[in-house]
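The values are calculated or read from the model by the stated rules, or taken from the named source; none is laboratory data. Note that the coordinates shown come from a computational prediction; the quantities given were computed from them, not determined experimentally. Cβ: placed from backbone, ideal geometry, glycine included. Neighbour counts: every protein chain shown. Heavy atoms of the whole protein, side chains included, go into the accessibility calculation; ligands, DNA and RNA do not. Shrake-Rupley method; radii C 1.70, N 1.55, O 1.52, S 1.80 Å.
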Amino acid sequence: MICHVCGAEMNRITTDLPFKLRDNGIVVVRDLPVIQCSSCREYLLDDAVMEQVEGILNRAGKSIEFEVVKFAA
Ligand SMILES: [Zn+2]
């Protein structure tokens with residue numbers, strides 16, 4: 001897969017990514033499988049992974065400011 005931003009090769013890696021919640025909260029998802037550009041900071045998530053992330057974010061407490069959740073495939 002080629003990065004649509006810079007044209008470099010994109011690789012499947014596992015990383016930790018922060019996601020912002022509606023109420024200023026941040027959830028960091030650990031060990032998340034993403035497709036990341038080898039040159040710039042662009043990354044993509046598979047649809048199935050994105051759905052699971054949304055589930056994690058929906059389960060996160062509404063009043064939290066910061067939470068770290070391990071991604072379980
Ligand atoms: Zn790129």
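Values as computed for the structure displayed
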{"read-out": "GluC sites (Glu not before Pro) lying in DSSP loop within the chain, provided at most 11 other Cβ fall within 10 Å", "value": "GLU65"}
{"read-out": "Proximal charge balance of GLY61 [Cβ under 14 Å; K/R count +1, D/E count -1]", "value": "0"}
{"read-out": "For the chain: rounded, prolate or oblate by the Cα gyration tensor [a/c cutoff 1.5]", "value": "prolate"}
{"read-out": "Nearest 10 degrees, 0 to 90: helix 47-59 Cα axis against the chain principal axis", "value": "20 degrees"}
{"read-out": "DSSP loop trypsin sites (Lys or Arg not before Pro) with at most 14 other Cβ within 10 Å: longest gap in the chain", "value": "1-21"}
{"read-out": "Choice from ASP16, ASP46, ASP31 with maximal GNM fluctuation in the chain (Cα, 10 Å cutoff)", "value": "ASP46"}
{"read-out": "Accessible area (Å², per residue) of the chain, counting only protein heavy atoms and a probe of 1.4 Å", "value": "68 Å²"}
{"read-out": "5 angstrom amide H check on ILE26, placed H, neighbours 5+ away", "value": "LEU21, PHE66, GLU67"}
{"read-out": "Accessible surface of segment 10-70, 1.4 Å probe, proportion on carbon and sulfur as whole %", "value": "46 percent"}
{"read-out": "Charge tally in the Cβ shell below 11 Å around CYS6, where Lys, Arg are +1 and Asp, Glu are -1, CYS6 excluded", "value": "-1"}
{"read-out": "Percent of beta bridges antiparallel (DSSP, the chain, rounded to nearest 5)", "value": "70 percent"}
{"read-out": "Dipole magnitude of segment 10-70 about its Cα centre (Cβ charges: Lys, Arg +1; Asp, Glu -1), debye to nearest 20", "value": "120 debye"}
